[in-house]
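These notes are about the structure you will find just below.
Computed from the coordinates by the stated procedures, all read-outs in this text should not be read as laboratory data. If you're wondering where the values come from, they're calculated on a predicted model, not measured in any experiment. We place every Cβ from the backbone using ideal geometry, glycine too, and count neighbours over all the protein chains shown.
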Amino acid sequence: MTDQQQAVINDPWESSENPVFRSGEYWGQIAIDAWYCVLAKGTGKVPFDAQAHKIEDRRTSIEMQLHPLPEQNISFEVARSTIAESKDWASITLPSIKQFGLSLREMNNRWVKLGFKPTGRKYTNSQGEEKENTAFEFLKVFNSEAECRTDYSGNSSGDAQPTATEATANGDDKKRATALAFLKVVVKQAADASGHDLDAIRDSVSKRIAQYPNVAEFFTVDSPETVELIAETLK
């Protein structure tokens, strides 16, 4: 049954037998990190330690977070944490990256449009509600923030957009806010991968910041914001 046919159904009983999953679509800059881990019972993912873990237990953790365009007014986190050795990654997310001729490393820090694709599995959340499990699916890759914003504007169904004057006036503030959002991810990932050792975290954060020009434009490992974020991870 097509979406068009579904739209004209006026019988909830029939609609119940012909559901159509409609996932949200989001535009923004994607931050990706990959690190080796093991799946510890009762804990989840912990950094892989060659001295303490068996190589056959090693897995590849992939952390992805989208920093949406500000005009989408998204207040929730658009993120996914997955394992490369999983069916969801191999059958949904990775092919959606490969279709653009890009590696995972090359996709990092790109401006993209993405959605959530059902995996076919369900889970029960903390409220006891049954939910459908989804995975990231990359739909478009853009050459710049401006190109990404243009595509969003053409798909926003008439939603109000900032004027050129407003966008210029608030440009630096928005760029800094986006950079700070990236910085939070950078620090968290560094802490998770460094065993919460201060020196190791600082070294990792410094190297990671250098990989993100949009973050390096506003922050260093010694910036007050960075220092505060690192301190939070050590509490």
Let me know the charge dipole size of region 21-157 about its Cα centre in debye, to the nearest 20, where only the beta-carbon of Lys, Arg (+1) and Asp, Glu (-1) is charged.
340 debye
Between the DSSP loop rule and a limit of at most 15 other Cβ atoms within 10 Å, which trypsin sites (Lys or Arg not before Pro) in region 85-151 are left?
none
Any of Lys117/Lys235; Lys54/Lys113; Lys41/Lys122; Lys207/Lys235 with alpha carbons more than 29 Å apart? Name them for me.
Lys117/Lys235; Lys54/Lys113
Quick one: go through region 22-45 and flag any residue whose amide nitrogen is under 19 Å from the point 7 Å out along the Cα-to-Cβ line of Lys184.
26-33
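Per the Kirkwood formula on distinct C-alpha pairs, the Rh of region 184-235 is how many angstrom?
Roughly 10.6 Å, rounded to one decimal.
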By count of other Cβ within 10 Å, fewest leading, how are Met64, Met107 ordered?
Met107, Met64
At 0.692 mPa s and 37 °C, Stokes D of region 21-157 from Kirkwood alpha-carbon radius, µm² per second
200 µm²/s
Only sites in a loop by DSSP and with at most 13 other Cβ atoms within 10 Å count here; which GluC sites (Glu not before Pro) in region 61-95 make the cut?
Glu77, Glu85
Binned Cα-Cα distance frequencies in region 53-114 - 10 Å width, integer %
17, 47, 28, 7, 2
Work out, step by step, the length gained on full extension between Gln99 and Phe76: first 0.36 nm times the residue separation, then minus their alpha carbon distance; give nm to one decimal.
5.5 nm
Separation in nanometres of the label points that stand 7 Å from Cα toward Cβ, at Asp199 and Glu25:
5.1 nm
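Given the Cα-Cα distance of Glu106 and Asn155 and 0.36 nm per residue of separation, how much length would full extension add, in nm?
Between Glu106 and Asn155, full extension yields an extra 15.1 nm.
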Filter the chymotrypsin sites (Phe, Trp or Tyr not before Pro) in region 34-116 down to the DSSP loop ones having no more than 11 other Cβ atoms within 10 Å, then list what survives.
Phe76
Given points 7 Å out from each Cα along the Cα-Cβ axis, report the Ser144 to Thr43 separation in nanometres with one decimal.
4.7 nm
